[in-house]
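Scroll down for the structure; my scribbles are underneath it.
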Amino acid sequence: MERLQKVIANRGYTSRRKAEQLILEGKVKVNGVVVKELGIKVSDKDEIEVEGIPLTKEEKVYYVINKPRGTICAVSDDKNRPVVVDFLHKNGVKERIYPVGRLDYDTSGVLLLTNDGELTNLLTHPKSQIEKTYLVRCEGIVNNHDLMRLRTGVLIDGYLTQKAKVELLSVDKKNKSSQVRITITEGKYHQVKKMFEAINHPVKKLRRERFAFLDVEGLKPGEFRKLKIHEVKQLYVLARFKEPHKRKGYKIRRY
Ligand code: URA
């Protein structure tokens, strides 16, 4: 048995002093019951929740990687192609982590990896409406009508996509291609590629620039970093509340 504040600190949630403060503020639950005394001791069997985030025995880890093109978004591949978790395991990460959602083999960019099943479920649930921003190089010259269709919704496999934020960044008249930034809140299979197929501008190159507020600035393809605790907390907040304007501390990004 160990003191509650020590267990919270040991599991990497916050410092012992901050844990004491959280307990006094009534933000800690043990087995579903709010605990406000500092003296309480807990065992491995007790379920602890801090600010709504469950603490489990295995330390939870969270990474963001700049996924290189030509890697599989999985923990293993039956065709022996490079898998994204290898980059972390070869560089000292011991935990059994897995990607949150999927990026295609030929898509690069922001990918979250964790061993936190609860956060994964929340973030990948359609209701979470997490914003994912992609940079698209597509065939042909995209016009205003195409942009409007992407914004208001196109039919993919009989499904009407939800509203998207779409911005035309550049057109290359010589190579007959366009660059578009699109932000979607869904995660259907091959969604971006199918949306651009629906407007007859197939995707040539795809990169995820942002997942919620996370980007990979400063990380080369294959490089990764650990998320900061405040970033993990913010992901929990975003995933639990559906309406962006009601999310505490949520900054609306200008496009
Ligand atoms: N949409 C796609 O079509 N592919 C991805 O990898 C991600 C989103």
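A few comments on the model shown:
- Gaussian network model of the chain, Cα within-10 Å springs - most flexible of 33, 93, 64: 33
- Fraction of alpha-carbon pairs over 31 Å apart in the chain - percent: 34
- Cα point-scatterer Debye curve for the stretch 2-54, base-10 log of I(q)/I(0) at q = 0.27 Å⁻¹: -1.11
- With coordinates expressed along the principal axes, the C-alpha atoms belonging to the stretch 131-211 extend over 34, 25, 19 Å, beginning with the largest.
- Proximal aspartates and glutamates relative to residue 67, as straight alpha-carbon distance under 17 Å, when same-chain residues fewer than 8 apart are discounted: 77, 86, 104, 106, 209, 215, 217, 223
- Take each peptide in 220-226, 23-29, count the other Cβ atoms within 10 Å of every residue, and average; sorted highest first, the result is 23-29, 220-226.
- A dipole drawn for the chain from +1 and -1 charges on Cβ atoms has a positive end, and of 168, 195, 23 the residue lying farthest that way is 168.
- FRET efficiency, residue 57 to residue 217 (Cβ-Cβ, R0 35 Å, nearest 0.05): 0.55
- Nearest-ten-degree value, helix 229-240 long axis tilted from longest Cα axis of the chain: 70
- For the stretch 131-211, averaging the sequence separation of C-alpha pairs within contact (under 8 Å, six or more residues apart) and dividing by the residue count gives a relative contact order of 47 percent.
- Rounded to the nearest 20 debye, the dipole size of the chain about its Cα centre is 720 debye, using +1 on the Cβ of Lys and Arg and -1 on the Cβ of Asp and Glu.
- Theoretical ellipticity at 222 nm over the chain - DSSP helices of four or more residues, -39500 (n - 2.57) apiece, nearest 500: -6000 deg cm²/dmol
- Mean Cα-pair separation over length for the chain, i.e. relative contact order, pairs under 8 Å, 6 or more apart, %: 20
- FRET efficiency estimate (nearest 0.05) - Cβ-Cβ, residue 186 to residue 104, R0 22 angstrom: 0.90
- Mean Cβ count within 10 Å, highest first, over the residues of peptides 132-138, 74-80: 132-138, 74-80
Only the coordinates and a few stated rules stand behind these numbers; no lab work does. The shown structure was predicted, so the numbers you read here are calculated from the model rather than taken from an experiment. Every residue, glycine as well, gets a Cβ built from its backbone with ideal geometry; the counts of neighbours run over all protein chains shown.
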